[in-house]
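Below is one structure, written out as structure tokens; the observations come after it.
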Amino acid sequence: MELWQLGVGDIVGLVTGGQVSPVEVVRALLRRIESLEPDVQAWAALDPEGALADAERVAAGRTRGATQPGSLASVPFGVKDIFWTKGLRTAAGSRVLADFVPQEDATTVKRLRRADAVILGKLHTAEFAGADPPPTRNAWNPEHTPGGSSSGSAVAVATGMVPAALGTQTGGSVLRPAAYNGVVGLKPSYGLVSCFGVIPAAWSFDTVGVFARSVQDAALVLDVLAGYDANDPVTVRRPRVRYSRDALDGAPPRLGVVRDFFWERCDASARREMEQATARLSRAGATLEEVRLPACFSRIHAEHRLINDSEIAAYHEEQFAKSDDLYGPKIAGRVRAGLSHPATAYARALRERPAVIAEMLKLTTGVDALLTPATPTPAPQGRSSTGDPAFQTPWSYCGFPSVALPSGTSESGLPLGVQLVAARWSDRRLLRVARWCEAALDFRSRPPCWSAAYG
């Protein structure tokens with residue numbers, strides 16, 4: 001197996017065991033990027049010199065014996081281009097920030113570096129994590145959308161450019177592109193991971209997420225990212241948890257299957273895959289029971305949109321007034337919509353939200369996780385949109401953790417998957433369930449570029 005094909009845990013094991021050097025790992029990933037990037041266009045900015053220097057620093061510490069490598073020893077990462085990276089441009093996919101170079105790292109980037117991860121560069125995002133699509137191509141078929149807004153993050157992981165990447169989800173921006181590209185997407189509980197130094201979309205929903213090729217690798221990254229940050233008032237002090245350790249074991253789960261709304265919106269291929277996936281989970285020992293959505297569910301998408309647009313407008317209002325011509329059409333439309341909402345409508349939506357969340361929380365009673373299709377369809381053809389976030393929006397609205405797992409492929413050869421959801425702060429249990437479901441679903445397909453001949 002080539003170095004670029006290894007996962008997070010594999011690389012950590014080889015580096016800490018002295019079987020491979022951090023520099024070798026980084027060079028292998030940079031060669032992989034060089035071979036694919038002209039066609040894939042996942043990267044907004046690369047920093048090969050800085051990445052190699054960081055790898056050499058990790059190697060030097062190991063050679064001297066002065067320190068042991070950190071828990072992510074020399075693992076190469078890409079981060080969505082809305083995360084501040086000290087000395088490296090952070091443009092958020094927009095002409096508005098074309099020259100913005102942060103003077104410090106986002107908290108999540110700092111935590112990766114402290115764990116001896118190596119940042120290779122910045123990955124393309126829809127403009128300001130909205131819906132104006134970047135140039136990135138789907139890993140399985142370049143004529144289809146990669147999803148978004150964390151487009152580059154999903155594609156870089158799917159194509160073997162990095163074993164893991166950071167993205168964000170406000171509506172469906174982690175799980176949807178993960179599903180469209182056949183990788184694992186993890187959106188933790190709202191407030192579990194700091195958003196300090198992440199350019200906001202909507203403060204009420206923004207959540208840092210992880211892309212990886214296995215649940216265990218995503219859990220290893222969450223071990224490093226999770227925790228209180230005084231710079232982000234949304235985070236709270238909670239007992240320290242080793243998510244990667246907990247994700248390794250677990251009895252067959254009890255899953256609450258949510259059919260109404262989700263199954264009825266699926267096309268034939270997504271519905272067929274969901275039927276097959278639930279059958280595999282049942283045969284493996286999972287207990288499946290249908291749960292019904294509460295009446296308040298019908299309000300969630302509209303209220304999420306109202307809050308989202310209002311907060312987008314609040315962040316961009318001053319800059320938009322000076323240079324609205326620099327914004328793409330879709331993000332500009334969201335800003336204008338937000339500016340048109342009365343303050344009373346926004347306040348009412350915020351006031352009603354806790355009651356809706358309390359009703360939605362009842363869905364999780366008596367089950368280990370909820371189960372839905374990850375997306376209504378495989379990745380749609382064309383790159384003029386980033387796809388439909390409707391299946392993720394309810395859980396982003398509620399702040400619940402969720403995981404997308406690839407489970408099969410459509411007749412056209414595009415990946416399809418399932419979505420697992422748990423109550424807020426139940427990330428530990430959710431990852432345990434996801435690890436079990438991942439093994440039962442046993443998805444092993446890779447995109448066409450998954451060959452040593454490509455770097």
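The values are calculated or read from the model by the stated rules, or taken from the named source; none is laboratory data. Small disclaimer: the values here were computed from a predicted structure and weren't measured. Note that each Cβ is placed from the backbone with ideal geometry, even for glycine, and that neighbours are counted across all protein chains shown.
A few remarks follow.
- In a residue-by-residue description of the stretch 325-337, the property of being at pLDDT 95 or above, not in a helix (DSSP H, G or I) and not charged (D, E, K, R) applies to at least one position.
- From ALA286, ALA270, ALA302, ALA251, residue being assigned by TED's automatic domain parsing to the domain that holds PHE128 and closer than 24 Å to LYS187 by Cα: ALA251
- The strands (runs of 3 or more DSSP E) located wholly in the stretch 155-266 that include 2 or more residues which are out of contact with any Phe, Trp or Tyr (no Cβ under 6 Å at 6 or more places or on another chain) and buried (at least 24 other Cβ atoms within 10 Å of the Cβ) occupy 164-169, 184-187, 207-212.
- Residue match in the stretch 80-103 (condition: among the basic types (Lys, Arg), under 17 Å from LEU120 (Cβ atoms) and either outside the structural domain of GLY185 (by TED's automatic domain parsing) or assigned to a helix (DSSP H, G or I) (or both)): no
- Being part of a helix (DSSP H, G or I), aliphatic (A, V, I, L, M) and either surrounded by 12 or more Cβ atoms within 10 Å (Cβ to Cβ) or in contact with an Asp or Glu (Cβ under 8 Å, 6 or more places away or on another chain) (or both) is a condition met by no residue of the stretch 283-290.
- Breaking point among (1) under 18 Å from LEU293 (Cα atoms); (2) part of a helix (DSSP H, G or I), for THR372: (2)
- Any chance LEU326 is surrounded by fewer than 17 Cβ atoms within 10 Å (Cβ to Cβ) and touching a helix residue (DSSP H, G or I) at 6+ places or on another chain (Cβ under 6 Å): yes
- Selection status of GLU317, surrounded by fewer than 17 Cβ atoms within 10 Å (Cβ to Cβ) and in contact with a strand residue (DSSP E or B) (Cβ under 9 Å, 6 or more places away or on another chain): no
- Selection count, the stretch 338-358, where residues are among the β-branched types (Val, Ile, Thr) and surrounded by 11 or more Cβ atoms within 10 Å (Cβ to Cβ): 2
- With respect to the conditions (1) closer than 21 Å to ASP368 by Cα; (2) touching a residue at least 60 places away in the same chain (Cβ under 8 Å); (3) touching a strand residue (DSSP E or B) at 6+ places or on another chain (Cβ under 9 Å), GLY250 lacks only one, and its number is (3).
- When the stretch 399-423 is filtered for residues that are within 17 Å of the chain's Cα centre (by Cα) and surrounded by fewer than 24 Cβ atoms within 10 Å (Cβ to Cβ), only GLY399 remains.
- Here ILE33 passes the criteria (1) buried (at least 20 other Cβ atoms within 10 Å of the Cβ); (2) modelled with pLDDT of 95 or more; (3) part of a loop (DSSP other than H, G, I, E, B) except the one numbered (3).
- For ALA115: the one exception among (1) touching a residue at least 40 places away in the same chain (Cβ under 8 Å); (2) closer than 23 Å to GLN319 by Cα; (3) in contact with a Gly (Cβ under 9 Å, 6 or more places away or on another chain): (2)
- Selection status of ALA277, closer than 30 Å to GLY413 by Cα, touching a residue at least 60 places away in the same chain (Cβ under 8 Å), among the hydrophobic types (A, V, I, L, M, F, W, C) and outside the structural domain of LEU72 (by TED's automatic domain parsing): yes
- Of the residues screened, ALA53 is not one that is in the same structural domain as ALA202 (by TED's automatic domain parsing), within 12 Å of GLY121 (Cα to Cα) and either outside any strand (DSSP E or B) or under 21 Å from the mean Cα position of the chain (by Cα) (or both).
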